[in-house]
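K.L.:
My questions all concern the structure below.
The values are calculated or read from the model by the stated rules, or taken from the named source; none is laboratory data. All of these numbers come straight from a predicted model, not from anything done at the bench. A quick note on method: Cβ atoms are made from the backbone with ideal geometry, for glycine too, and the neighbour counts reach across all protein chains shown. Each accessible area value is taken on the protein alone, full model and side chains, heavy atoms only, with ligands, DNA and RNA left out. Shrake-Rupley method; radii C 1.70, N 1.55, O 1.52, S 1.80 Å.
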Amino acid sequence: MQLEELYLSNFRCYHDRRFPFSEGVNIIIGPNGAGKTTILEAIHLLSLTRSFRTHDDRHLIERGNTSYIIRGQLSDQDNKILVQNTFMIGGRKQISIDGIALSSKKEMLGRFPVVIMVPEDLELARGPDSLRRAFIDRVLAVTDKKYLNELLKYRRLLKQRNAALRQVTARDYSAVNIWDAAFADSAHAIWRIRAAFFGEYCSIFSSAWSQQRPEISASIDYIPVEYENASAVREAMERSVETDLQTRRTNIGPHRDKIGFILDGNNLRFYGSLGEQKLFIIALKIAEARYLETILGTAPVMLLDDLPATLDAERSRRVIEELSDAYQTIISATTTDSFGRGWETAFKPNRISLPVEGEACPA
Amino acid sequence: MNGLPPSLNRIVTELSRFPGIGKKTAQRLAFHLLDTSRESVEELAEALLSLKANVRECRRCHHIAEGELCAICSDTRRDSATICVVERVLDVLIFERMGEYKGLYHVLGGVISPLDGITPDDLHISDLIERLADVKEMIIATHPSMEGDTTALFIAQQVQGLPLKITRLARGIPMGTNLEFTNEATLASAFTARVDL
């Protein structure tokens, strides 16, 4: 899938603007606060129906206005589709494809895949397991509707069960117990899908990594808790009752899964250098793109926010080369100096220079 | 505040508290009242007061009643060996509209949802159990939601060992729908609960 044109109306600092994109490399150049990330944010929103910077759509509306419109002209070989997102204060977000309104936001997922890399993604390597779980949940949400539905159900069950644990008095476990059957079913379903996902994703990752640094081994370490079936999960939950009652939360379940990034046998989170962590994230994102392409049958668009902040010149060029070969790549940067001389002639990027006369775009 | 007399503003404010009534509709209704004859308005006011004065909860099944027992509980022609357990009063009306059911009801007053602070003790479950002595079948008709299912399970657990048949509403494909427009979850449950021909 390729983005041909993006139209923004009353979206953050853009009152009424069109941005043309070309295949291969696109670069958005401009000083800080010029609105570079806002363009990537709008593309991300078209794809995943939400921003990566805020959960509140009201923050996305241009000051003084009450609604925004984002429109993307997309093409896949000879197929052209027009995706539109509109949001009005007090209303719900409306998404339409070729003028036909979608009944649910979920319908959009997987239609226009993107992979985004922002400087904060470094936290995936350094931060807690919850960030890595959120990462795989996002990839799976786009590629597997069943997983998304199960996950939403599981989260609600978990909240209910934890609330019951907080309210339980004396030693009456029955108010908690009643959630266990549904919880165990849901937990088991999620574990099964995650385990299958990792099997596939890890091998894609390994090949993406070996293109970066073949001399060191790297892997993603997911040790699924193996329960044969939902009743085995229930038994484990029963054994955990005392702990659950003490800690007042559920201690068994996929919400506690550990996902480790392993480099040369060591946990990247504690032992990796900054450079190694960055490289790992790059391979992770390349693997994400390849995985999406394999499962969805559609090449994703790569969005690289502030690439020079993440990578040095040499590495940036190699990554751009590798990605733009297979995917439409949209990069934002304050300057292209760091990409070294001659990169423009090498990649012939479509250049979008910001700010557009007089517009300033504080995020 | 908007040039309207205070009495009119007061009625607009009161009307806009109604579910589904916004400010504009409230204004339209208020102006309609203004145009209505004095007798009709008095009739309405009297109806409102009598609603509050006379309608209460049925002592037995918690349906709405005028008097101690509701119209369904006091109807001797109904089959007292069957009880249909529902979440809300509105659900009773839905089943009554169906016209198929001749048994009695029991209104729980909600579903178990710790997130909303609703525990089994907040529902009419203990007096349901007291009613079950002469009952042959209990139909649990809570909504097919996670909380509805859990509440059904809880009730079933509580009455374990009692000599009665416990059933749950089947779920599946709506009438008049094409298979291709049925979502996966609905289709899956219809498939699991398929029946012999």
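K.L.:
Could you identify the single residue in A:206, A:219 that is small (Gly, Ala, Ser), assigned by TED's automatic domain parsing to the domain that holds residue A:137 and not in a helix (DSSP H, G or I)? Lay out the reasoning, then the answer.
P.N.:
Working: A:206 fails: not in a helix (DSSP H, G or I).
Selected residue: A:219, the only one of A:206, A:219 that is small (Gly, Ala, Ser), assigned by TED's automatic domain parsing to the domain that holds residue A:137 and not in a helix (DSSP H, G or I).
K.L.:
State which residue is nearest to the chain's Cα centre (by Cα) when the search covers only segment B:183-197 and only residues that are more than 14 Å from chain A (Cβ to nearest Cβ) and outside any helix (DSSP H, G or I).
P.N.:
The first filter runs over segment B:183-197 and keeps only residues more than 14 Å from chain A (Cβ to nearest Cβ), leaving B:190-191, B:193-197.
Filter once more, keeping what is outside any helix (DSSP H, G or I): B:193-197.
Working: B:193: 26, B:194: 28, B:195: 29, B:196: 32, B:197: 34 Å.
Among residues in segment B:183-197 that are more than 14 Å from chain A (Cβ to nearest Cβ) and outside any helix (DSSP H, G or I), the one nearest to the chain's Cα centre (by Cα) is B:193.
K.L.:
Do we have residue A:164 as more than 11 Å from every other protein chain (Cβ to nearest Cβ), in a helix (DSSP H, G or I) and crowded, with 21+ Cβ neighbours inside 10 Å here?
P.N.:
Numbers: more than 11 Å from every other protein chain (Cβ to nearest Cβ): no; in a helix (DSSP H, G or I): yes; crowded, with 21+ Cβ neighbours inside 10 Å: yes.
It is false that residue A:164 is more than 11 Å from every other protein chain (Cβ to nearest Cβ), in a helix (DSSP H, G or I) and crowded, with 21+ Cβ neighbours inside 10 Å.
K.L.:
Being at pLDDT below 90 and not assigned by TED's automatic domain parsing to the domain that holds residue A:209 narrows it down to one residue among A:323, A:311; which is it?
P.N.:
Working: A:323 fails: at pLDDT below 90.
Testing whether each residue is at pLDDT below 90 and not assigned by TED's automatic domain parsing to the domain that holds residue A:209 leaves just A:311.
K.L.:
Could you count how many residues in segment B:158-170 are over 25 Å from the mean Cα position of the chain (by Cα) and either surrounded by 13 or more Cβ atoms within 10 Å (Cβ to Cβ) or away from every other protein chain (no Cβ under 14 Å) (or both)? I'd like the intermediate steps shown before the answer.
P.N.:
Taking segment B:158-170 as the starting set, the residues that turn out to be over 25 Å from the mean Cα position of the chain (by Cα) are B:160-163.
Applying the additional criterion that residues be either surrounded by 13 or more Cβ atoms within 10 Å (Cβ to Cβ) or away from every other protein chain (no Cβ under 14 Å) (or both) yields B:161-163.
Total meeting the criteria: 3.
K.L.:
Quickly run through segment B:47-62 and pick out the residues that are of a type outside the set (Gly, Ala, Ser) and surrounded by fewer than 13 Cβ atoms within 10 Å (Cβ to Cβ). Spell out the reasoning first.
P.N.:
Of all residues in segment B:47-62, those of a type outside the set (Gly, Ala, Ser) come to B:48-49, B:51-52, B:54-62.
Hits for segment B:47-62 are B:48, B:49, B:51, B:52, B:54, B:55.
K.L.:
Checking residue B:173 against (1) over 23 Å from residue B:90 (Cβ atoms); (2) β-branched (Val, Ile, Thr); (3) away from chain A (no Cβ under 14 Å); (4) out of contact with any Ser or Thr (no Cβ under 8 Å at 6 or more places or on another chain): exactly one of these is not met. Which one?
P.N.:
The number of the failed condition is (4).
K.L.:
Which pairs have Cβ atoms under 7 Å, sit 6 or more apart or on different chains, and link a residue in segment B:105-125 that is without any contact (Cβ under 8 Å) to a residue 24 or more places away in the chain and part of a helix (DSSP H, G or I) to one that is open to solvent by 10 Å² or more (accessible area, probe 1.4 Å) and not small (Gly, Ala, Ser)?
P.N.:
B:114/A:167; B:115/A:159
K.L.:
Answer yes if at least one residue in segment A:148-156 is open to solvent by 30 Å² or more (accessible area, probe 1.4 Å), within 9 Å of chain B (Cβ to nearest Cβ), over 30 Å from residue A:275 (Cβ atoms) and within 18 Å of the chain's Cα centre (by Cα), and no otherwise.
P.N.:
Pass one, segment A:148-156, residues open to solvent by 30 Å² or more (accessible area, probe 1.4 Å): A:149-150, A:152-153, A:155-156.
Still in the running and within 9 Å of chain B (Cβ to nearest Cβ): A:149, A:153, A:156.
Retained after the next criterion (residues that are over 30 Å from residue A:275 (Cβ atoms)): A:149, A:153, A:156.
Filter again for within 18 Å of the chain's Cα centre (by Cα), leaving A:149.
Checked against the condition, which is being open to solvent by 30 Å² or more (accessible area, probe 1.4 Å), within 9 Å of chain B (Cβ to nearest Cβ), over 30 Å from residue A:275 (Cβ atoms) and within 18 Å of the chain's Cα centre (by Cα), segment A:148-156 yields at least one hit.
K.L.:
Would you please name the residue that is nearest to residue B:86 (Cα to Cα), looking only at residues in segment B:134-148 that are touching a Lys or Arg at 6+ places or on another chain (Cβ under 7 Å) and within 13 Å of chain A (Cβ to nearest Cβ)?
P.N.:
Let us first name the residues in segment B:134-148 that are touching a Lys or Arg at 6+ places or on another chain (Cβ under 7 Å), namely B:136-137, B:140, B:144, B:146.
So of that shortlist, the ones also within 13 Å of chain A (Cβ to nearest Cβ) come out as B:144, B:146.
Working: B:144: 11, B:146: 15 Å.
Once the filter is applied, the top-ranked residue is B:144.
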